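I have placed the structure first, in the form of structure tokens, so that the comments after it can refer back to it.
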Amino acid sequence: MTAPLNNVFDNPLRRGICPGLSQPLPTGDGLLVRLLPIGTIALDAFAALCAAARAHGNGIIEVTARGSIQVRGLSADSGPRFADAIAALEIAEDGVPILCNPLAGLDPAETVDAAALAAVLRPVVAQQAYPGRLDPKVSIVIDGGGALNLARVHADIRLRAQLFDGDPVLRLSVGGDDATAFDLGAIATDDAAEAVSRLLLILAERSARARDIIVSEEACCLIDALPLARRVPKGNDASSVLRRSRDPIGLHALRDGRLAAGIGLAFGHADATALEQLLDAAAAAGARGLRASPGRSLLAIGLTSESAARFFAAAAQLGFVTRADDPRRHVIACAGAPLCASAHIAARTLAPRLAAAAASYLSEGVTIHLSGCAKGCAHPGAASLTVIGAPGHCGLVANGTAHDAPFASATLHELPAAIAAHLRERHAATEGNHV
């Protein structure tokens, strides 16, 4: 069960920039709560989540790039009632995030059941009295393998399943994604709880992120804390190469012979009414529940080929993303004004128009980050083109982040044409280099 919602404005230990159920974050449209779902959410429980979001918030529900669910528009009065309603559903955990593969426990190709391992780790992490204070963004990833992996998801502590001499082990690394995290070796699955506890203790003692410790101390303290770790020769592993993950949009085979059907939320958000209609379509297709997935997507679990086709058709009519080549998937938009008090532009209102203007030039790997201000919350990494909202105009950054200097600016009226022109020139230059 989740702890009661305290006065978030008076609590000095609130997780702040990582708004959990018991510690929401003030934004332009009220308080925002982020939920990390545990496994499959039954359709009736998801419907209850939608009803609570509408009753206690403004009805806007988001799925993040890391597969969390966010609810907006709560208040100091309604927040505790929302927290009680969600806690009763038992669909999410508060505290240090432990992320698993979207189809953990269901994927026939996984090496280790990440969901089962997470169930072991959660109470261990929750019961540990770490001295000092963990940085609010500390997170753990458990990648059990399979087509829908977590290779691109950054985390402080990573446990990735692999085979060594035919037996499953966990590759342990810290401070990055699959390719950039610092490798600590491999451990037996039974040693995962102790290893994670020791690493969290070091992070808490220093109130630091794993990457910061690696830079400042060259990870010696992290390695020394893990006597259980046994090194696996690099030649037996591809951890230095970023593995590709299958696109969540589409059909995925499950262990029981049924299918999961993945759809996306356009620009990462939907209103509760649209999601309730999606739940009706999932129920009609015979789904037993939904799972949130990285990439701002949802997976309907337990369909057949025939029923999945009906589900996709209904989802498309409701405005959800059902095709991998949908132009909207190339645009990453923050909440924007008026939802965010820091934003200078209505990013989500602009996003559909900008996606349409850029559609002819959106090939694989091309991303447009539409940021309401210079903070760049929705996409901290580099994008092909970043649009930064400012008073009276927008700055344009090529191959950079919202923190970089713009190469040009445009008014809101000029913005669609400016984006199309830049991407057209970029496309022409790329084609010329291939000649």
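Read-outs: derived from the displayed coordinates by stated rules, not from any lab. Because the structure is a prediction, the values reported are computed rather than measured. All Cβ positions, glycine included, derive from the backbone under ideal geometry; neighbour counts span all protein chains shown.
Between the amide H of VAL331 and those of ILE368, distances stay under 5 Å, these residues lying 5 or more places away or on another chain, with hydrogens modeled in the peptide plane. When you count the other C-beta atoms within 10 angstrom of each residue and take the mean per peptide, 46-54, 207-215 line up highest first as 46-54, 207-215. Each residue of region 103-236 gets 106 Å³ once the volume of the Cα convex hull is shared out per residue. Please work out the C-alpha center-to-center distance from region 367-413 to region 114-146 and express it in whole Å. Answer, in whole Å: 34.
Dipole check for region 103-236: with +1 at the C-beta of Lys and Arg, -1 at the C-beta of Asp and Glu, and the Cα centre as origin, the magnitude is about 300 Debye. Amide H contacts of LEU99 (H built 1.01 Å from N, in plane; Pro and chain starts excluded): ILE140, VAL141, ILE142 sit under 5 Å, all sequence-distant by 5 or more or on other chains. What percentages, rounded to whole numbers, describe P(r) for the chain computed over all alpha carbon pairs with 10 Å bin width beginning at zero? Result, from short to long distances: 4, 20, 29, 29, 15, 2, 0 percent. Shown in residue order for region 91-107 are the 3J(HN,Hα) couplings computed by the Karplus curve 6.51 cos²θ - 1.76 cosθ + 1.60 at θ = phi - 60°: 10, 8, 10, 9, x, 5, x, 10, 9, 10, 3, x, 10, 4, x, 10, 7 Hz (x for Gly and Pro).
Shape analysis of region 97-159 places it in the oblate category; the axes a ≥ b ≥ c from the Cα gyration tensor give an a/c of at least 1.5, with a/b not above b/c. In the chain, the calculated helix contribution to ellipticity at 222 nm averages -9000 deg cm²/dmol per residue, counting -39,500 (n - 2.57) for every DSSP H run with n ≥ 4.
Backbone phi angles across region 43-55, fed through the Karplus curve with coefficients 6.51, -1.76 and 1.60 (θ = phi - 60°), yield HN-Hα couplings of 4, 5, 5, 5, 4, 5, 4, 4, 4, 5, 5, 7, 6 Hz in residue order; Gly and Pro are listed as x. Name the shape class, rounded, prolate or oblate, that the alpha-carbon gyration tensor gives for region 372-435, where a ≥ b ≥ c are the square roots of its eigenvalues, rounded holds for a/c under 1.5, and otherwise prolate holds if a/b is larger than b/c and oblate otherwise. It is oblate, given that a/c is not under 1.5 and a/b is not larger than b/c.
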